[in-house]
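Here is the structure we will look at, set down as structure tokens.
A short reminder: the numbers here are calculations on the coordinates, not readings from a lab. Nothing here was measured: the structure is a model prediction, and the numbers come from that model. Here the Cβ is made from the backbone with ideal geometry for all residues, glycine too, and neighbour counts use every protein chain on show.
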Amino acid sequence: MKLYEISQALREVIDGGFAVDAETGEVFDSDNLDQLNETFEDKLEACAIVCKEMQAEADALKAEADALAKRSKAAQNRVEGLKAYMLRQMQDSGSDGLKTPRAVVKVRRSSYVDVLDAAAVPDEFQETVVTAKPDKRGIMRAIKAGETVPGAELKTRESLAVS
């Protein structure tokens, strides 16, 4: 999706990873983007434009994936509804299954444990799960307040906004 015009050499390097200078035959790759005969501002703008185009494509793909996920969920719900209907019909008729050249339908039976009151279950059948993780917000507040927190330090990172 190409929303903006930028120089062919910049487009080739940014999109494909390399470009060829028609006059000299020199090959430029993304590692030497800065060697192209373009101003710093032109290169930066071209990169930003390609970022915007790629973000638009990513957004469109995500929207399509979300739409497909909804369709998939709806189809799965219809499958579960049909299975529930068939199970009820088979239970009502006392049937254990059906076998034809095109489909096999069976009622499967399995055992499971239904815990009615977890507190009443004896200790020998209890699992203890302990999870510990650092409270990063609390650590940040403490460090900003001048405290030293062993094993942690406050760092600064930079990110880029393209709009």
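So how do 144-157, 58-71 stack up, highest first, on mean other-Cβ count within 10 Å?
Highest to lowest by the protection proxy: 58-71, 144-157.
Taking loop as defined by DSSP and a crowding limit of 11 other beta carbons within 10 Å, which chymotrypsin sites (Phe, Trp or Tyr not before Pro) in the range 53-151 fit? Mind showing how you got there, number by number?
Details: sites: TYR85, TYR112, PHE125; in loops: TYR112.
When the chymotrypsin sites (Phe, Trp or Tyr not before Pro) of the range 53-151 are filtered for loop state and at most 11 Cβ neighbours within 10 Å, TYR112 remain.
Give me the lysines in straight-line cross-link reach of LYS62: C-alpha distance below 24 Å, same-chain residues under 8 apart excluded.
Leaving aside lysines fewer than 8 places away in the same chain, those within reach of LYS62 are LYS2, LYS52, LYS70, LYS73.
May I ask for the Kirkwood hydrodynamic radius of the range 43-152, worked out over all distinct Cα pairs and given in angstroms to one decimal? The partial results should precede the final answer.
Details: mean 1/r = 0.0449 Å⁻¹.
Hydrodynamic radius (Kirkwood, Cα pairs) of the range 43-152 is 22.3 Å.
Expressed in whole Å with the largest first, what are the equivalent ellipsoid semi-axes of the range 97-163 derived from the C-alpha gyration tensor as the square root of 5 times each eigenvalue?
Whole-Å semi-axes of the equivalent ellipsoid: 54, 29, 9.
Could you give each residue of the range 93-105 its phi-based ³J(HN,Hα) in whole Hz, using Karplus coefficients 6.51, -1.76, 1.60 with θ = phi - 60°, and x for Gly or Pro?
8, x, 7, 9, x, 8, 10, 10, x, 9, 7, 10, 10
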